[in-house]
Amino acid sequence: MGDRIRNLRLAAGMTQEELSRRMGYKGRSSTVSQWESGKRTPRTKDIPRLAKVLGCKVEELISVS
């Protein structure tokens with residue numbers, strides 16, 4: 001999932017900090033960094049919002065292919 005988040009974020013022209021702010025994490029890019037590196041995954045309840053912010057469908061984030 002980390003690579004998909006990174007690719008969608010970059011395609012949207014956002015920095016990690018900007019994505020973090022839009023997700024309501026007050027600009028802490030460490031959360032997004034950990035998602036992208038695979039150290040953590042977004043909380044299940046945050047995935048729909050993450051998809052909306054990234055301009056994609058939830059299925060694009062959680063697909064295993």
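Only the coordinates and a few stated rules stand behind these numbers; no lab work does. This one's a predicted model, so the numbers in the text were calculated from it and none came from an experiment. Every residue, glycine among them, receives a Cβ derived from its backbone with ideal geometry; neighbour counts consider all protein chains shown.
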Please determine, in degrees from 0 to 90 and to the nearest 10, the orientation of helix 2-11 with respect to the longest principal axis defined by the Cα atoms of the chain, where the helix direction is its Cα long axis. 70
Which is the longest part of the chain that has none of the trypsin sites (Lys or Arg not before Pro) sitting in a DSSP loop with at most 16 other Cβ atoms within 10 Å? 1-25
Per residue of region 30-43, what does 6.51 cos²θ - 1.76 cosθ + 1.60 with θ = phi - 60° give for ³J(HN,Hα)? Whole Hz please, x for Gly and Pro, Karplus curve as stated. 4, 4, 5, 4, 5, 4, 5, 7, x, 6, 9, 10, x, 4
Tell me, what is a quarter of the convex hull surface for the C-alpha atoms of the chain, in nm² with one decimal? 3.7
Any idea what the relative contact order of region 2-62 is, in percent, if you count C-alpha pairs under 8 Å spaced at least 6 apart? 35
Per-residue ellipticity at 222 nm attributable to helices in the chain (runs of n ≥ 4 DSSP H, -39500 (n - 2.57) apiece, nearest 500 deg cm²/dmol) works out to -16000 deg cm²/dmol
